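Q: Got a structure for you, written out below as structure tokens; questions coming shortly.
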Amino acid sequence: MPEYKILIIEDSPTMRQLIAFALKRLQGVRIVEAHDGVDGLKKLSSEKFDLILTDINMPVMDGLKLVSLVRNDANYRTTPIVVITTEGAKEDRERALSLGANDYITKPIQANKILDLARSLLKPA
Amino acid sequence: MATDDEKGVSYNAEEFLQLFKKGAEFTQDLLKENERLRFRILQMEESFPDSGEETIVTDENRKLVERIECLERDKAEILERIAQIERENQDFAERYVEVESENNNLANLYIASYQLHSTLDFPEVLQIITEIIINLIGAEEFAILLLDEKTNELNAMATEGIAREEIPSMQMGSGIIGSVAKNGENFFVDDIEGYTRDFHNPMVCIPLKIKEHVIGLIVIYKLLVQKKTFAPVDYELFTLLAGHAATAIFSSKLYSESERKLSTIQGFIDLLTK
């Protein structure tokens, strides 16, 4: 089983821990956490990730800006990106998808939904 | 010259020889006929099996019928076993879903508890409680009220989705919020979907308790759009929040006060020693 690297970019420690806790149940994954968009970009430049989960509303650099920058990076043009949003934030969600995000999950986060999404996006081609 | 007697003997011998030859020929014929009939019988036996073989065939049939019955019984048993395994699989699948759900719920509770006790900074504790209410429970508009023991008033210390100034101060024992603070029992409105916001009559009111001592309340006025009702784990989270959030708030307040006092004392000591 190959090792997949997943980056969680989320300013809330509770959410980061919750998402990481759920994803750790997948076999062969390594999880890296970033607390905002800038921290996320730093981590993306230092190593290659197979899946990126990012919150939209974050300080310093929000998720929309991050998705846009990541999609313009040749190394991450095809890497799956999942945005974390609220059901009410429909415009942000649509904007994220139009910028190149692959999917989204809404709060309150349900572990099985994150797992299903990660499994489907990490499926080998 | 042969005598008449001699002629008579010779004639009798001739006649006897003839008769013997005829007898031999007849015997040969009989043997041939016997052989022919045997052959015929064999042919007929081949064409029409005799009763002895019929008995053998019947025995074989009976054995085959018994074997078929035995196999049918085995087949029925195997089918029943398959059906049983399918039922067991179904049970396991259902159980797996339950265990998964329970696991997720426990993870939520663990994370909530872990985060609540991860800091002694009062504003950070309030922020963590807010995050738990948003991300784990799914509330959109709510407030965290703390009891001022001097005035016996409940004042909003943190809010989400509402301006803090909008939340009125409540008197201990007065109205739904005051009653919950006084008796320490959780309050849930009967019709969550039909609820309309009223600051004095919240949708949910959870007392923050250290043992039986209420130090504050969580009051929820609106849930996230997709959150139509509360799941069993939400009630567990409310129970957990009631205890752990209360101790986290109390500890962080004590710590802040002690830090402040320590800083004041240190200031005095510095003044005296310098």
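The values are calculated or read from the model by the stated rules, or taken from the named source; none is laboratory data. Small disclaimer: the values here were computed from a predicted structure and weren't measured. Here the Cβ positions follow ideal geometry from the backbone for every residue, glycine too, while neighbour counts run over all protein chains shown. These accessible areas exclude ligands, DNA and RNA; they are computed on the full protein's heavy atoms, side chains included. Shrake-Rupley method; radii C 1.70, N 1.55, O 1.52, S 1.80 Å.
Q: With viscosity set to 0.692 mPa s at 37 °C, what whole-number translational diffusion coefficient in µm²/s follows for the range B:104-201 from Stokes-Einstein and a Kirkwood radius over Cα pairs?
A: This corresponds to a translational diffusion coefficient of 220 µm²/s.
Q: Given a 1.4 angstrom probe, what's the average accessible area per residue across chain B, in square angstrom?
A: 68
Q: Here is a further query. Please report how far the C-alpha centroid of the range B:162-180 lies from that of the range A:30-94, rounded to the nearest whole angstrom.
A: 40
Q: Let me ask something else. Can you put A:Ser98, B:Ser251 in order of accessible area, largest first, using a 1.4 Å probe?
A: Solvent-accessible surface, decreasing: A:Ser98, B:Ser251.
Q: Okay, moving on. I need the fraction of alpha carbon pairs in the range B:117-262 separated by more than 22 Å, rounded to a whole percent.
A: 34
Q: Same structure, new question: Report the extension gain between B:Asn186 and B:Glu60 in nm, rounded to one decimal, defined as 0.36 nm multiplied by the number of residues separating them, less their alpha carbon distance.
A: 37.3 nm
Q: List the equivalent ellipsoid semi-axes of the protein assembly as shown in whole Å, largest first, each obtained as the square root of 5λ for an eigenvalue λ of the Cα gyration tensor.
A: Three semi-axes, in Å: 101, 29, 20.
Q: Project the alpha carbons of the range B:154-208 onto their principal axes and report the range along each, largest first, in whole Å.
A: Here the spans come out as 27, 27, 17 Å, largest first.
Q: Radius of gyration and Dmax for the range B:192-274's Cα atoms, expressed in Å?
A: Rg, Dmax (Cα atoms, Å): 19.9, 67.
Q: Considering the zone a paramagnetic label at B:Glu124 would reach in this model (a point 7 Å from Cα along the Cα-to-Cβ line), which residues of the range B:130-157 have amide N under 16 Å from it?
A: Label zone hits: B:130-132.
Q: Could you give the longest part of chain B that holds none of the GluC sites (Glu not before Pro) found in DSSP loops with at most 13 neighbouring Cβ atoms within 10 Å?
A: In short, B:1-148.
Q: I want to check the label-to-label distance for B:Ser256 and B:Ile85. Put each point 7 Å from Cα in the C-beta direction and report it in nm to one decimal.
A: For B:Ser256 paired with B:Ile85, the spin-label model returns 6.3 nm.
Q: Here is a further query. With r defined as the distance between the Cβ atoms of B:Glu236 and A:Lys24 and R0 fixed at 30 Å, what FRET efficiency is calculated, to the nearest 0.05?
A: 0.90
Q: If you don't mind, there's one more thing I want to ask. For chain A, report the convex hull volume of the alpha-carbon atoms normalised per residue, in Å³, without decimals.
A: Output value, Cα hull per residue: 94 Å³.
Q: Just round it to a whole percent: the fraction of Cα-Cα distances in chain B exceeding 33 Å.
A: Of all Cα-Cα distances in chain B, 58 percent exceed 33 Å.
Q: Give the residue list of trypsin sites (Lys or Arg not before Pro) in the range A:57-118 that are DSSP loop and have at most 10 other beta-carbon atoms within 10 angstrom.
A: A:Arg77
Q: Pop the C-beta distance of B:Glu98 and B:Asp270 into the FRET formula with R0 = 45 Å and round what comes out to the nearest 0.05.
A: After rounding, the FRET efficiency stands at 0.15.
Q: In the range A:7-41, what residues drop by 10 Å² or more in accessible surface going from the chain by itself to the full protein assembly, probe 1.4 Å?
A: A:Ser12, A:Pro13, A:Thr14, A:Met15, A:Gln17, A:Leu18, A:Phe21, A:Arg25
Q: Would you calculate the separation in nanometres between label points at B:Ser179 and B:Thr196, each defined as 7 Å from the Cα along the Cα-to-beta-carbon direction?
A: A separation of 2.1 nm, rounded to one decimal place.
Q: Moving on. Taking all protein chains as present, what is the carbon and sulfur share of the accessible area of the range B:117-262, in % to the nearest whole number, probe 1.4 Å?
A: 51
Q: As an exercise, identify the trypsin sites (Lys or Arg not before Pro) in the range B:81-156 lying in DSSP coil whose Cβ has no more than 10 other Cβ atoms within 10 Å.
A: B:Lys150
Q: Just checking the output field for B:226-236: average partner chain Cβ neighbours within 10 Å of each residue's Cβ?
A: Partner Cβ neighbours, averaged per residue: 1.
Q: What size of dipole, in debye to the nearest 20, comes out for the range A:4-121 about its Cα centre when the only charges are +1 on Lys and Arg C-beta atoms and -1 on Asp and Glu C-beta atoms?
A: So the magnitude is around 400 debye.
Q: Right, another one. Could you please report the charge total around B:Leu120, scoring K, R as +1 and D, E as -1 over all other residues with beta-carbon less than 14 angstrom from its beta-carbon?
A: -2
Q: Stokes-Einstein D for the range B:54-142 at 37 °C, 0.692 mPa s, Kirkwood Rh over Cα pairs, in µm²/s?
A: It diffuses with D of about 174 µm²/s by this estimate.
Q: Where in the range A:83-117 does accessible area fall by at least 30 Å² between the isolated chain and the complete protein assembly, at a 1.4 Å probe radius?
A: A:Glu87, A:Lys107, A:Pro108
Q: Per DSSP H run of n ≥ 4, the term is -39500 (n - 2.57); total these for chain B, divide by its residue number, and report the mean residue ellipticity at 222 nm rounded to 500 deg cm²/dmol.
A: -22000 deg cm²/dmol
Q: Pick from B:Val225, B:Val125, B:Val180: which is most flexible by mean-square fluctuation in a GNM of chain B where alpha carbon atoms under 10 Å apart are linked?
A: Among B:Val225, B:Val125, B:Val180, the largest mean-square fluctuation in the Gaussian network model of chain B belongs to B:Val225.
Q: Still on this structure, I have one more. Less than 11 Å Cβ to Cβ from A:Phe49, Lys/Arg counted +1 and Asp/Glu -1: what total charge do the surrounding residues give?
A: Residues close to A:Phe49 contribute a combined charge of +2.
Q: What is the antiparallel percent of DSSP beta bridges lying wholly in the protein assembly as shown, to the nearest 5?
A: Looking only at bridges with both residues in the protein assembly as shown, the antiparallel portion is about 55 percent.
Q: Please compute how much accessible surface disappears when B pairs with A, both sides summed, using a 1.4 Å probe, and round it to the nearest 100 Å².
A: Its buried surface, counting both partners, is about 1600 Å².
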